[in-house]
Amino acid sequence: MGEGTRWVFADQLGPHFADAPAQPVLLIESKAVFRRRVFHRQKAHLVLSALRHRATGPAVRLVRAETYAEALRQVDEPVSVCHPTSRKARDLVRRLDVEVLPPRGFVTAPADFTAWAQGRRQLRMEDFYRDARQRHGILMDGDEPAGGRWNLDTENREPPPRTRRLDVPPPPPITEDPIDAEVRDELDRWQRDDGIEFLGNDGPRLFPATRAEALARLRHFVEHRLPLFGRYEDAMLAGDPWMAHSMLSAPMNLGLLDPLEVIHRAEAAYRSGAAPLAGVEGFVRQIIGWRDFVWHLYWHFEPAYRSANKLGARQPVPSWFAKLDADAVDARCLSDVLAGVRDRGWVHHIPRLMVLGNYAMQRGWHPGAMSDWFHRAFVDGYEWVMTANVIGMSQYADAGRMSTKPYAGGGAYINRMSDYCGGCRYDPKVRVGDDACPYTAGYWAFLERNQAKFRGNHRMRRPLQGLDRLADLDALVEQEKARGSRAP
Ligand SMILES: Cc1cc2nc3c(=O)[nH]c(=O)nc-3n(C[C@H](O)[C@H](O)[C@H](O)COP(=O)(O)OP(=O)(O)OC[C@H]3O[C@@H](n4cnc5c(N)ncnc54)[C@H](O)[C@@H]3O)c2cc1C
Ligand code: SF4
């Protein structure tokens, strides 16, 4: 099974996508992908750089072609491929004359998920995560979870420290090489001569493009940053975009790192006493829990899930947001986060969920358009990640199949979990007037607009009771209507 040439997609670049180091590998580079959609410039750079670095390996052939079918016509021997990560690519490989192997690059197999999901009314990440830990013996002491508890969230997720800095070194910079220079020149040429457009700013490559770089980043994270990971996982600091996050989503999604090896390194740090259980459990939960869970949900949910829009959100994404015009925004949190996406193509989870996604959901922006934007604007964005994270978790467009209530929050949440509000021209406690925080006002306007849909949800009872008590609700709704799609 799987002998002959292994065709690897640009998100299957690690050694675990081939069966042996000597197996011939086929890589296909298609420029058409960049013609069809406007990606972040740094994402285009990262993907091309990773592909071309992989092409320097032994027994690798890189074919540049307009389409995959055209490239495959140039190969005579039998070709196999690991199950791709999108429906479109899966349908393509099924149509072509290639052997399709089970997916790799995730900890759990489709059969694990199917067995777990069988007969369940509600699919909850926490239950899936515990099942996966048991199946794979991760952070387990015999039949019991290490330390006696499955979930250590109560010890994690603190607000940022008052010192406004974490005592962890940032990841060492990546040294670009001639392949990066060639990619940069080529992208400049595409922009200049071919009418191909990109989003965001170019800049030094910040994410690993080779297996060696990815392993170095993993080692550095486990040694220096993992111990503080869980504690400040949900906090945001204006002056520190990385905090103690791993920045490993991009190399894992490119297939450069196997998530199981990442988890094993983290567990080894706990077992040797180098990192506390709370941080390690929090990190392992992100990978074997969230990452694998959203991967399986992409295939489990029907294809129409990606067009779900149960809140009837139809506003277009305004151009200042879509084009990352951070300078047009006064709201300090949103401006800083948009600037982060513009300059790096990456911000961590809470800015994605509670600053970008929350703002879009409050304003009723179209969930499908937001999903497309996240996919294109982030270095780690892939279709399989979008459905559950954007359509489900961040925009609540599935009316609760992913989360029991919408991730909507006002300025009080952002104020508690960040240092943004102190330096902002708005006041998180004010909901009407010149100083009204757009998140606080937006939160109540969102509840007001959707109250009929939320009345049956017991987790929304208290927020709706709060809404009923607002004396200035009419003025607030008028104010937010007038704000419309203007940058706040
Ligand atoms: C609106 C929205 C959009 C997102 N878009 C993406 C995306 O395009 N690509 C992507 O990989 N992740 C996405 N995520 C999940 C998460 O925000 C990123 O994986 C994480 O911020 C990447 O930074 P990191 O590697 O430092 O993560 P860390 O905080 O260090 O977490 C460790 C790892 O856990 C995994 N992980 C954690 N949460 C999730 C999750 N919800 N879904 C999938 N994997 C998770 C990632 O692989 C990550 O590298 C999104 C989340 C939201 C709310
Ligand atoms: S006051 Fe409101 S807009 Fe300003 S930083 Fe705080 S949450 Fe953001």
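For the reader, a short list of remarks on this structure follows.
- Contact map, the range 37-51: residues that are modelled with pLDDT of 95 or more and part of a strand (DSSP E or B) paired with residues that are surrounded by fewer than 22 Cβ atoms within 10 Å (Cβ to Cβ) and basic (K, R), Cβ distance under 6 Å, separation 6+ or inter-chain. Pairs shown: F39/R376.
- Checking G357 against (1) near ligand 1 (Cβ under 7 Å from one of its atoms); (2) under 24 Å from R90 (Cα atoms), the condition it does not meet: (2)
- Residue within the range 417-435 that is closer than 30 Å to R90 by Cα and either surrounded by 24 or more Cβ atoms within 10 Å (Cβ to Cβ) or aromatic (F, W, Y) (or both) present: no
- The residue that is surrounded by the fewest Cβ atoms within 10 Å (Cβ to Cβ), among those in the range 220-257 that are within 16 Å of ligand 2 (Cβ to nearest atom) and assigned to a loop (DSSP other than H, G, I, E, B), is G239.
Here is a yes/no grid of residues against (1) under 28 Å from A238 (Cα atoms); (2) within 16 Å of ligand 2 (Cβ to nearest atom); (3) of a type outside the set (A, V, I, L, M, F, W, C):
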{"site": "M386", "(1), (2), (3)": "yes, no, no"}
{"site": "G410", "(1), (2), (3)": "yes, yes, yes"}
{"site": "K429", "(1), (2), (3)": "yes, yes, yes"}
{"site": "L467", "(1), (2), (3)": "no, no, no"}
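- Qualifying positions in the range 313-328 - in contact (Cβ under 8 Å) with a residue 40 or more places away in the chain and not β-branched (V, I, T): A313, R314, Q315, P316, P318, W320, F321, A322, K323, L324, D325, A328
- Qualifying positions in the range 106-132 - part of a helix (DSSP H, G or I) and over 22 Å from L257 (Cβ atoms): A111, T114, A115, W116, A117, E126, D127, R130, D131
- Of residues in the range 411-438 being in a helix (DSSP H, G or I) and away from ligand 1 (no atom under 16 Å from the Cβ), the one farthest from N156 (Cα to Cα): P438
- Q23 satisfies every condition listed in (1) in contact (Cβ under 8 Å) with a residue 60 or more places away in the chain; (2) farther than 30 Å from R342 by Cβ; (3) in a loop (DSSP other than H, G, I, E, B) except (1).
- When the range 316-362 is filtered for residues that are farther than 25 Å from D435 by Cβ and not in a helix (DSSP H, G or I), the ones remaining, listed by number, are P316, V317, K323, L324, G345, W346, V347, H348.
- Identity of the residue in the range 339-354, of a type outside the set (A, V, I, L, M, F, W, C) and more than 9 Å from ligand 1 (Cβ to nearest atom), that ends up surrounded by the most Cβ atoms within 10 Å (Cβ to Cβ): G345
- Some residue of the range 374-395 being more than 9 Å from ligand 1 (Cβ to nearest atom), modelled with pLDDT of 95 or more and assigned to a loop (DSSP other than H, G, I, E, B): no
- Exclusive hit being of a type outside the set (S, T, Y), within 26 Å of the chain's Cα centre (by Cα) and assigned to a loop (DSSP other than H, G, I, E, B), set D76, D11: D11
- Verdict on A55 being touching a strand residue (DSSP E or B) at 6+ places or on another chain (Cβ under 6 Å), aliphatic (A, V, I, L, M) and surrounded by fewer than 21 Cβ atoms within 10 Å (Cβ to Cβ): yes
The values are calculated or read from the model by the stated rules, or taken from the named source; none is laboratory data. These figures come from a predicted structure and were not determined experimentally. Neighbour counts run over all protein chains shown; Cβ positions are idealised from the backbone, glycine included.
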